Structures are given as structure tokens and as C-alpha cells.
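Written out below as C-alpha cells is the structure these notes cover.
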Amino acid sequence: MATGMRIAFIVDPIEKLKAYKDSSIAMMRAAQARGHAVYSIGRDSLSVRDGLVSARATALALHDDDHHWYVSGETAQEALRSFDAVLMRQDPPFDAEYVAATWMLERAVAQGAKVWNDPRAIRDHSEKLSISEFPQFTPTTLVARDAGDLNAFIDEQQDAILKPLDGMGGIGIFRVRADDPNRNAIVETLTDNGRRTIMAQGYLPQISEGDKRVLLVGGEVMPYSLARIPKAGETRGNLAAGGRGVAMPLTDEERAVAEALATPLWARGLLIVGLDLIGGRLTEINVTSPTCMVEIRQQTGYDIATKVIEALEATQ
């Protein structure tokens, strides 16, 4: 085991993180438990001075109390290459500032920094559109902005899910049936009257059994998913939309999909990947800040956060 590593986490404002459910905090705690020093970095502190990428990094001491889970130590401007590993765990939206961060992080990698997930891979990997690389595993899917194309797809499927390409947490997701009197308004709104590209997928009734989050770590398939089961009257399983998380062993079909994707995604520098599957069909590939580690550990005892730190140790 590589000991005494310095591991920095680029995260949302640390005072806003919720320790009882946050996967980044679970990884911080796992890193400290294995003898590593933990630091937090705000994305807004990233900078490039005369070519060198650095940021304000704050040393953290982690505690088990979810209400007072950290104590801040010294803050210093440090070159990212001075850390043994840097984890990019910034939540979407994937906007212009997010892209700018990946540009800076890519320069840091060129200077010797070890950044996970790889910043170029994050930038090149649309969490929605990336499933088009693996059509054999997906539901029937259309990516378009033309209202005629989208309406023809709804007519063909009779029951469809429409969603923006840059959303998270279930925001902006609509279920639209062919006879929905609001379908034109929904299409117009989501596409901004044909100015924005969206995704349409055939509706999968297995959503009632849960939108399954399957995690890949360092090219290894984790054995449990978190089934996000919609609340009554909902078609979205997202926990942020009121879904209920239930940890389950992977089905044979889910494992087959995950195994097929694990090696090629890891080869691109994607250390932590969250696959979303409904009825065994792949609907999204999450790479910005995949979650659900805490819920899986609480319900099964399987510690994915520690698996992440072990994978980082193996890269040293």
C-alpha cells in the first residue's frame, strides 16, 4: 500500500457538502483512514501563472460526526503537481467555467499532476450523449433539436422520455406520451424552440423497479447497485427528485453491460464512473462526480470509497 500520499479533492464549497450522503466526503474519510493527508480545493481558486497550474489548498482533518465532520488546517497556494493525486469532484452544471477548469487541469496533467477523472476525458465525455458509443446496450434513443424529428420519435415510441443534455438530479426530464396534449409545448420548451439539442428515449416501464446506479472504480465493476426507486406518481428515480435508494446485487444483465464498459472507460483515465441502467438498458454514463457510495456501504457494508483510495494507491 502506498502510504503518506497527499490527496486533493476539487469540490463544491466544503461547508455546503452533506456528510451523511456525500461520496466525496466518504472518500476523504477513507483516504485519512489509510494514512493519507487530505486537502480541499475550490474550483474558483484554480489559476495558471506563467504556465504553472496551482490552487488554494486547505488541509483537512476528518471526523465521523456528520454535523462537524472536518476541521480546516493551513491553506496555501500549491502547484497541483505537488499532490500525489487530485480528484475532480465538482458537481455539474457542465458550463463554460467547468470547461475552463478542465483546460487548466489538462495543463496540470502535462506538468506531472495526476488528476482523476482525467480532465480531457471529462470534457470529451457527455454524460448523456456518450451512451451512443454503446447502442447495443441502450434503449431506443434520439438526440436532436428539430421538433419534427422529436415528434416523429414520440409517435413511433408512443411513450418517451425527453431530457436536456446538461441536466442533473432529474431536472428537466419529461415523460411524454403520443396523446399528451402538452407535447408540443414540452418539445418547444426543452429545445428552446429548436435552438437546443436534447435527448429522447423510449420509455422503460422497468423504472418502477428503480433507476440503477452501477459504479466502476479503476476498471473494476462494483458488485452492488443503488436502485433509485421513484416515489408514487413519479417517473424519475433520482434521489434529488424524491426517489428512494435501495442497494441491490447486480443482475447478470447489469454486470454484462458494466463489464463491457469498465476496461475501455478506465483506459481513458476515468477512475470513477457511474452507469445508470433501467431494466438492464444503459441510459447515462456519469463521470463528473458519481455518487451513491454512502448508501451502498450503509445498506451492504461494501465500502466503495475505500476501493477508490486503493485504486489511487495502485497508480503510484
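Values as computed for the structure displayed
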quantity: GLU259 vs. criteria buried (at least 18 other Cβ atoms within 10 Å of the Cβ), among the acidic types (Asp, Glu), assigned by TED's automatic domain parsing to the domain that holds ILE296 and over 17 Å from the mean Cα position of the chain (by Cα); calculated: no
quantity: Test: TYR39 is outside any helix (DSSP H, G or I) and out of contact with any His (no Cβ under 7 Å at 6 or more places or on another chain); calculated: yes
quantity: Helices (runs of 4 or more DSSP H) lying entirely in the stretch 80-197 (those with 1 or more residues that are in contact with an Asp or Glu (Cβ under 6 Å, 6 or more places away or on another chain), over 30 Å from VAL257 (Cα atoms) and not polar (S, T, N, Q)); calculated: none
quantity: Residues (hydrophobic (A, V, I, L, M, F, W, C) and under 16 Å from VAL71 (Cα atoms)) located in the stretch 31-47; calculated: ALA31, ALA33, ALA37, VAL38, ILE41
quantity: Hey, ALA33 at negative phi, surrounded by fewer than 21 Cβ atoms within 10 Å (Cβ to Cβ), at pLDDT 95 or above and in contact with a helix residue (DSSP H, G or I) (Cβ under 8 Å, 6 or more places away or on another chain) or not; calculated: yes
quantity: Subset of the stretch 113-141 that is charged (D, E, K, R) and farther than 11 Å from VAL287 by Cβ - its residue that is surrounded by the most Cβ atoms within 10 Å (Cβ to Cβ); calculated: LYS128
quantity: Condition check for GLY218: buried (at least 22 other Cβ atoms within 10 Å of the Cβ) and on the phi > 0 side of the Ramachandran plot; calculated: no
quantity: Among the candidates ALA85, ALA110, residue that is surrounded by 18 or more Cβ atoms within 10 Å (Cβ to Cβ) and at pLDDT 95 or above; calculated: ALA85
quantity: So ALA258, is it hydrophobic (A, V, I, L, M, F, W, C) and either within 22 Å of THR140 (Cα to Cα) or not in a helix (DSSP H, G or I) (or both); calculated: yes
quantity: Single match in ASP192, ASP149 (criterion: modelled with pLDDT of 95 or more and on the phi > 0 side of the Ramachandran plot); calculated: ASP192
quantity: Residue tally, condition within 27 Å of THR288 (Cα to Cα) and either without any contact (Cβ under 8 Å) to a residue 60 or more places away in the chain or crowded, with 18+ Cβ neighbours inside 10 Å (or both), over the stretch 174-186; calculated: 1
quantity: THR315 touching a residue at least 40 places away in the same chain (Cβ under 8 Å), outside the structural domain of PRO92 (by TED's automatic domain parsing) and hydroxyl-bearing (Ser, Thr, Tyr); calculated: yes
quantity: From GLU313, GLU295, residue being among the charged types (D, E, K, R), under 17 Å from ILE25 (Cα atoms) and not in a strand (DSSP E or B); calculated: GLU295
quantity: Search result, residues across the stretch 198-209 that are within 30 Å of ASP252 (Cα to Cα) and either in a strand (DSSP E or B) or free of Cβ contacts under 8 Å to residues at least 40 places away in the same chain (or both); calculated: MET199, ALA200, GLN201, GLY202, SER208
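Every residue, every condition in (1) aliphatic (A, V, I, L, M); (2) without any contact (Cβ under 8 Å) to a residue 12 or more places away in the chain, yes or no:
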site	(1), (2)
ASP22	no, no
VAL48	yes, no
VAL53	yes, no
ALA59	yes, no
ALA100	yes, yes
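Yes or no, residue by residue, for (1) among the small types (Gly, Ala, Ser); (2) at pLDDT 95 or above:
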residue: SER225; (1), (2): yes, yes
residue: GLY233; (1), (2): yes, no
residue: ALA240; (1), (2): yes, no
residue: ARG244; (1), (2): no, no
residue: GLU254; (1), (2): no, yes
residue: ILE296; (1), (2): no, yes
residue: THR300; (1), (2): no, yes
residue: ALA311; (1), (2): yes, yes
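Let's see how each residue does on (1) buried (at least 16 other Cβ atoms within 10 Å of the Cβ); (2) within 30 Å of GLU313 (Cα to Cα); (3) in contact with a helix residue (DSSP H, G or I) (Cβ under 6 Å, 6 or more places away or on another chain):
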{"position": "ALA160", "(1), (2), (3)": "yes, no, yes"}
{"position": "THR189", "(1), (2), (3)": "no, no, no"}
{"position": "ASP192", "(1), (2), (3)": "no, no, no"}
{"position": "ARG195", "(1), (2), (3)": "no, no, no"}
{"position": "GLN201", "(1), (2), (3)": "yes, no, no"}
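The values are calculated or read from the model by the stated rules, or taken from the named source; none is laboratory data. Keep in mind that this is a model prediction, so the values were computed, not measured. Every residue, glycine as well, gets a Cβ built from its backbone with ideal geometry; the counts of neighbours run over all protein chains shown.
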